[in-house]
Amino acid sequence: MKKLQAALSLSCVLAASALAADKAGCRDPAWAPARLPGYEIIDCEVKTWIPVDFETADGTKSVQGRRSTVTYELKDESKNATNEKARRFYAEQGRKSGATLVSDPNGGWSAVLTQKSAQGELWYSYTHGSGNDESTGTYTLTTLQAAPLVQEVQARPDPAASDSEGKSCRDPGWLVKQFAYFKLDTCEAKDFDTVTLDLPDGEKPVAGRVIENTYVLTDEARNPAPFAVWKNYVSALQGIGAKLLTNPDDHNKAVLSRKTPQGEYWYVYTHGSGNEESTTSYSLLTLVSGGPPPKKCVLTVYGVNFDFDQATLRPDSTPVLEQVRLLFANDPAYSAEVGGHTDNQGAHDYNMKLSARRADAVKAWLVAKGIAAGRITTAGYGDTRPLVPNTSDGNKAKNRRVELRRVGCKQ
């Protein structure tokens, strides 16, 4: 009886410290304290939360939780172990810790074990790395403590809060809380623009007010898996009534939409830099279609496209022009100057004339859709009023725009 109690006590101690490996000091995991001779640790990593697939005798078992990995490399060629020897060595280590082998005991490139503890369900694995059946150049030991994903992102349903005004860079209005280990890096807001969304049934151009935000990782030790970030944003937005429209198995992007009395909201999450197990940056795009325009004297319109060197509107301009039409249609008191603007490519005089013709083309489209001609004046400004210096292709694209300047506005 005393031996049994001692064994159970040892098992609990091992389980409690099962996640021993960390970046501050790589060491053997507690469930496998006896290292395979001739090998040394070359790397270790901890993921606060990540899904892991374990190959068991009954098939693939997907488990989510906190994971630590320790990778080993052969340093003494005379002790080069076969895969079978290494696999059996660590299977035995796991069994001694109180875990049960759940993978095929007679072969394979891995050994998978699991055990219950006061800390919850624990999973251990040995995975062969480089080499072959007769050689093991590297291998990895994994420890995973099963746990649900912590919901860190919070969203608010108030749609008006998404209409972020001012020059300061800030989170979109719907975002109450994001990850503590990411910081807001860049922001850009456009009064009117068209965004082409890549949906399962094809591309969909959507126009409206657009807010773009990018975030970058600030704590490498907490670098999250793409699924953790994706799931947090999807769950938060679904919690306020948004519908996921993209493939739920693609964790690098998500497009969701939500209809409100203030317009249709579109939310786009995109994984930025990193890889299949890390996220060092990501972006959020919020688009409000059909909602009230920002309360400003001058509205900047992107997505009004013309044939090269011409004043002929292209068909892909229709979505954003329809948003401009709604602005006039929904506010009978609204009258504005349509101003055309170019970058600094080409001769100044030519740009002045071309921008005026393009402004006239926008007015003609609106009049043909039922807006009274007397509510619209036009002007061509060419390259005389750049928003940003024409020092890059990106800046030049910002300067190529249409502006709506409300008549009599003194703001």
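The values are calculated or read from the model by the stated rules, or taken from the named source; none is laboratory data. Every value quoted in this text rests on a predicted model; they were computed, and no experiment measured them. Positions of Cβ are generated from backbone atoms using ideal geometry, with glycine treated the same way; all protein chains shown enter the neighbour counts. For the accessible areas, the whole protein counts, side chains as well, though only heavy atoms, and no ligand, DNA or RNA atoms are used. Shrake-Rupley method; radii C 1.70, N 1.55, O 1.52, S 1.80 Å.
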Verdict on Pro315 being more than 27 Å from Ala361 (Cβ to Cβ), out of contact with any strand residue (DSSP E or B) (no Cβ under 7 Å at 6 or more places or on another chain) and not small (Gly, Ala, Ser): no
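Here is a yes/no grid of residues against (1) surrounded by 18 or more Cβ atoms within 10 Å (Cβ to Cβ); (2) modelled with pLDDT under 95:
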{"site": "Gly291", "(1), (2)": "yes, yes"}
{"site": "Asp307", "(1), (2)": "no, yes"}
{"site": "Gln310", "(1), (2)": "no, yes"}
{"site": "Leu327", "(1), (2)": "yes, yes"}
{"site": "Tyr350", "(1), (2)": "no, yes"}
{"site": "Asp360", "(1), (2)": "no, no"}
{"site": "Leu366", "(1), (2)": "yes, no"}
One residue from Tyr334, Tyr302, Tyr381 being under 22 Å from Thr196 (Cβ atoms), among the hydroxyl-bearing types (Ser, Thr, Tyr) and either open to solvent by less than 50 Å² (accessible area, probe 1.4 Å) or at pLDDT 95 or above (or both): Tyr302
Filtered residues of segment 28-83 (kept if in a helix (DSSP H, G or I) and either of a type in the set (Lys, Arg) or open to solvent by 50 Å² or more (accessible area, probe 1.4 Å) (or both)): Glu77, Ser78, Lys79
Filtered residue count, segment 106-116, keeping only those that are part of a loop (DSSP other than H, G, I, E, B) and in contact (Cβ under 8 Å) with a residue 40 or more places away in the chain: 1
Residues being closer than 11 Å to Asn80 by Cβ and in contact with a strand residue (DSSP E or B) (Cβ under 7 Å, 6 or more places away or on another chain) - total across segment 132-149: 2
Single condition Arg222 does not satisfy, out of (1) in contact with a Lys or Arg (Cβ under 8 Å, 6 or more places away or on another chain); (2) modelled with pLDDT under 95: (1)
Cβ-Cβ under 7 Å pairs, at least 6 apart or on other chains, segment 378-395 side in contact (Cβ under 8 Å) with a residue 24 or more places away in the chain, far side among the hydrophobic types (A, V, I, L, M, F, W, C) and assigned to a helix (DSSP H, G or I): Thr378/Ala356; Thr378/Ala359; Ala379/Ala356; Ala379/Ala359; Gly380/Met352; Gly380/Ala356; Gly380/Ala359; Gly382/Met352
Any hit, segment 94-102, residues being surrounded by fewer than 17 Cβ atoms within 10 Å (Cβ to Cβ), under 32 Å from the mean Cα position of the chain (by Cα) and not in a helix (DSSP H, G or I): no
Residue check, Arg87 basic (Lys, Arg), without any contact (Cβ under 8 Å) to a residue 60 or more places away in the chain, surrounded by fewer than 18 Cβ atoms within 10 Å (Cβ to Cβ) and touching a strand residue (DSSP E or B) at 6+ places or on another chain (Cβ under 9 Å): no
Any pair with Cβ under 7 angstrom, 6 or more apart, that starts in segment 241-254 at a residue that is more than 22 Å from Arg156 (Cα to Cα) and ends at one that is assigned to a loop (DSSP other than H, G, I, E, B) and open to solvent by 50 Å² or more (accessible area, probe 1.4 Å): Asn247/Pro200
Some residue of segment 117-125 being farther than 24 Å from Ser289 by Cα, assigned to a strand (DSSP E or B) and hydrophobic (A, V, I, L, M, F, W, C): yes
